[in-house]
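A single structure is presented below for examination.
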Amino acid sequence: MPDRLLPRLYPFRTLLVSVVLATCALALGTLSGLAAQVVVVFGLYDVLAALALSFVAVVLAHLTRVRPSLGLTAAAVVAAVLWLGAYRVADAYLFRLEQATHVAEHSEDLAADFAASGTDTPLQLVDAGLVAQVGVGGWRGAFQVQLNAGLLAWRAAGVSRVAPMPLWLHVLIAAAEAAFVALVVHRALGNLTVEPTCARCGSYLNRKELGRVDEAEADRLRAAWVTGNRVVPAPTKGSPGSIAVYEDRCPIGHTIKAGYALVRLRGHGRSAAAPGPLASLPAELHDVDGPTASQATDA
């Protein structure tokens, strides 16, 4: 995407990510409803949806070069609600079709019911039964029947376990499910705030681990970078050092000289030292007026 065009599209990037994420949430919710006809373990599809939507959201953010914002947080919440809604609707719709299939298989035994209800097809008979039971037919009636039965805890090999519960608890659990999915997606997008970007085009930099160095070498590199000396690290692959060295380059090709970052790994190094970024040497980039580079940072 041309760099001159990107700023003009900036107001629409968050909207684009939101729309695509919402569409994926609807599709994923429908697939979850289909899969739930075979196997259900309470919480399983929540975790799968959270991971899948997080992956999609991060990929979209990289493709559009959008940074985390309140708009993306709202998109995560909407996606979570849409996923849960599609999941429940698809499950109810397929439950209704399953009942119709059962009626069709026993149509001869239910001849009197067909005659009494004035219906001609198995699906019409099912809807008539739903109306008589909960006052409404279609997938809404099927959903109401499922709701009245209780919470489906698990389903496998044609056997289900349902836990009876009041409506308010159903609502509370549904809210917790949506909140869990939204929170995971939000956290995944939030991690993008620490990912380096190209100062020229805003693309997330391609980061590659070069190896490890020890604390002494990390201190030497950090001191040099802060004073403006572009010392290139020479880590060793497979080294037991506690500091990881990463190389950063613009994926579009704006990098003249690669940038570097020092990151202390979790569970390594000094006992009192917290894991995380230690220092960075930004990449030197092509620019309209010649090479440019940002000032090194000391975390």
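Nothing in this text is a laboratory measurement; each read-out follows from the coordinates by a stated rule. Every value quoted in this text rests on a predicted model; they were computed, and no experiment measured them. Using ideal geometry, Cβ is built from the backbone for each residue, glycine included, and neighbour counts are taken over all protein chains shown.
When 1/r is averaged over all different Cα pairs and the result inverted, which Kirkwood radius in Å belongs to the chain?
When all Cα pairs of the chain are included, the Kirkwood radius is 23.4 Å.
So, with +1 on the Cβ of K and R and -1 on the Cβ of D and E, and no other charges, what is the size of the charge dipole of segment 72-217 about its Cα centre, to the nearest 20 debye?
I would put it at about 540 debye.
In Å and from the alpha-carbon atoms only, list the Rg and Dmax of segment 49-147.
Rg and Dmax of segment 49-147, Cα atoms, are 20.7, 64 Å.
With each pseudo-label sitting 7 Å past Cα toward Cβ, what's the ALA112-VAL47 distance in nm, one decimal?
4.9
What nm distance separates the two modelled labels at LYS208 and VAL226, each placed 7 Å from Cα along Cα→Cβ?
3.0
Please give the calculated 222 nm ellipticity per residue for the chain, where each DSSP H segment of at least 4 residues contributes -39500 (n - 2.57) and the sum is spread over every residue; nearest 500 deg cm²/dmol?
-18000 deg cm²/dmol
May I pose another question? Starting from one equal scatterer on each C-alpha and no solvent at all, send me the Debye-based log10 I(q)/I(0) for segment 51-104 at q = 0.17, 0.23, 0.27, 0.29 Å⁻¹, two decimals.
-0.64, -0.88, -1.03, -1.09
Return, ordered by residue number, the residues of segment 28-47 whose backbone nitrogen is under 17 Å from a label point located 7 Å along Cα→Cβ of ALA157.
38-41
Along the positive direction of the dipole of the chain (beta-carbon charges: Lys, Arg +1; Asp, Glu -1; about the Cα centre), which of VAL134, VAL185, LEU44 reaches farthest?
Among VAL134, VAL185, LEU44, the one farthest towards the positive end of the dipole of the chain is VAL185.
Given Cβ point charges of +1 (Lys, Arg) and -1 (Asp, Glu) and nothing else, what value in debye, to the nearest 20, does the dipole of the chain about its Cα centre take?
The calculated dipole for the chain is roughly 1260 debye.
Which value in nm describes the separation of the simple spin-label points at ALA74 and HIS286, placed 7 Å from the Cα toward the beta carbon?
Reported label-point gap for ALA74 and HIS286 is 3.7 nm.
To the nearest Å, what is the center-to-center distance of segment 17-69 and segment 156-190, using C-alpha atoms only?
15
Have a look at GLY259, GLY135, GLY158 and tell me which one the Gaussian network model of the chain (Cα, springs below 10 Å) gives the largest fluctuation.
Among GLY259, GLY135, GLY158, the largest GNM mean-square fluctuation belongs to GLY158.
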